[in-house]
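First comes the structure, then the notes that go with it.
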Amino acid sequence: MMLVRYLSQVGKYFLMLKEIFNKQTKWSVMKKLIFKEIDDLIIDSLGIVCFISFFIGGVVAIQTALNLTNPLIPKYLIGFATRQSVILEFAPTFISVIMAGKMGSYITSSIGTMRVTEQIDALEVMGVNSLNYLVFPKIIALLMYPFVIGISMFLGIFGGWLACAYGGFSTSQDFIQGAQMEFIPFHITYAFIKTLIFAMLLATIPSFHGYYMKGGALEVGKASTVSFVWTSVCIILLNYILTQLLLG
């Protein structure tokens, strides 16, 4: 019975995705909605992303340095390990899970509140495709999400360099040599492919939970929690599958 319920929810989700792209809202209206979503979802997330990236990059570098106790292991490996950790996993995946909490709860609660206060029903009565009106601008806004992850990558490595050079774990030259060593450009491509797919999940899964919720104000809070859990689960699962496909 549980499996049937989950499968029906998955089917409902894919039908919702199809409906989002039907019967487009007028461009003059859509343009304003897209800019509002860019401001709410992308610009408002930059502060927390910069803060977390900088300090986690520093922590990764310090942890690596403290574990390289063997004098035969060169110090430039600290820079190499920091770069690989930040670009491959930390920036695209870890930040996306955090954004599932920040963006996801915002999207679910805003659409859920509209459902509770019958604003979505009002849109339907006026002949507007409510899914296109509410969810499509979020998907377009989150096409800028790789830009946020690019900043996260830079600040993570920069934080690692500062922690290493000024914490006395290795010299600045060693860290930079390690950060440039055996660089594979496809790793950046892989990170951005992951990021775009995660952006689609971040826009649609919370919207799904907000749009189809039933009940009152209390249920809006519950829907936000459930949407965070499922967005995180999907991000982690897809991260595994994409890593296997692209790097395996």
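The values are calculated or read from the model by the stated rules, or taken from the named source; none is laboratory data. From a predicted model like this one, the values you see are computed outputs, not experimental measurements. Virtual Cβ from ideal backbone geometry, glycine too; neighbours counted across all protein chains shown. Only protein heavy atoms, including side chains, enter the accessible area calculation; ligands, DNA and RNA are left aside. Shrake-Rupley method; radii C 1.70, N 1.55, O 1.52, S 1.80 Å.
Things worth noting here:
- For the stretch 158-248, accessible area per residue (1.4 Å probe, heavy atoms of protein chains only), Å²: 51
- Checked against a 27 Å cut-off, the cross-linked pairs K194/K214; K26/K102; K12/K194; K138/K194; K23/K138; K36/K194 give Cα-Cα distances beyond that limit for K194/K214; K26/K102.
- The helix-based estimate of mean residue ellipticity at 222 nm for the chain, built from -39,500 (n - 2.57) per DSSP H run of four or more residues and divided by its residue count, is -26000 deg cm²/dmol to the nearest 500.
- Dipole in debye (nearest 20) - the chain, about Cα centre, beta carbon charges: Lys, Arg +1; Asp, Glu -1: 400
- Using a probe of 1.4 Å on the protein chains alone, the accessible area found for V220 is around 20 Å².
- Here the Karplus curve 6.51 cos²θ - 1.76 cosθ + 1.60, taken at θ = phi - 60°, turns the phi angles of the stretch 184-190 into couplings of 10, x, 4, 4, 5, 4, 4 Hz, with x standing for Gly and Pro.
- Nearest 10 degrees, 0 to 90: helix 95-116 Cα axis against the chain principal axis: 10
- Taking the 1.4 Å solvent-accessible surface of the chain as the whole, the part contributed by carbon and sulfur is 72%.
- Taking a Cβ cut-off of under 14 Å around C50, the surrounding Lys, Arg, Asp and Glu residues balance to a net charge of 0, with basic ones at +1 and acidic ones at -1.
- Correct choice for Cα Rg over 2.2 N^0.38 Å that was computed from the model, options (1) 1.31; (2) 1.18; (3) 0.98: (2)
- Environment charge at S110 (Cβ cut-off 12 Å; Lys +1, Arg +1, Asp -1, Glu -1): +1
- Solvent accessible area, Å² - E37, 1.4 Å probe, full protein context: 20
- Computed with a 1.4 Å probe over protein heavy atoms only, the accessible surface of the stretch 1-157 comes to 51 Å² per residue.
- Sequence of F183, F198 from largest to smallest accessible area, 1.4 Å probe: F183, F198
- 20 Å cut-off, amide nitrogen to a point 7 angstrom out along F55 Cα→Cβ, residues in the stretch 161-183: 161-168
- Computed from backbone phi with θ = phi - 60° and the Karplus coefficients 6.51, -1.76 and 1.60, the 3J(HN,Hα) list for the stretch 14-21 is 5, 5, 4, 4, 5, 5, 4, 8 Hz; x is used for glycine and proline.
- Protein-only accessible surface order, largest first, of L15, L134 at 1.4 Å: L15, L134
- The amide H of T171, built 1.01 Å from its N in the peptide plane, has no neighbour under 5 Å, considering only residues 5 or more places off or on other chains.
- If R0 equals 41 Å, the separation of the Cβ atoms of K12 and S172 corresponds to a calculated FRET efficiency of about 0.15.
- Longest site-free stretch - the chain; sites: trypsin sites (Lys or Arg not before Pro), DSSP loop, at most 16 other Cβ within 10 Å: 27-213
- Computed 3J(HN,Hα) for the stretch 71-82, one whole-Hz value per residue from the Karplus formula 6.51 cos²θ - 1.76 cosθ + 1.60 where θ = phi - 60°, is x, 7, 7, x, 5, 5, 5, 4, x, 4, 5, 5, glycine and proline marked x.
- Ranked from largest to smallest solvent-accessible area, with a 1.4 Å probe on the protein heavy atoms, S8, S109 come out as S8, S109.
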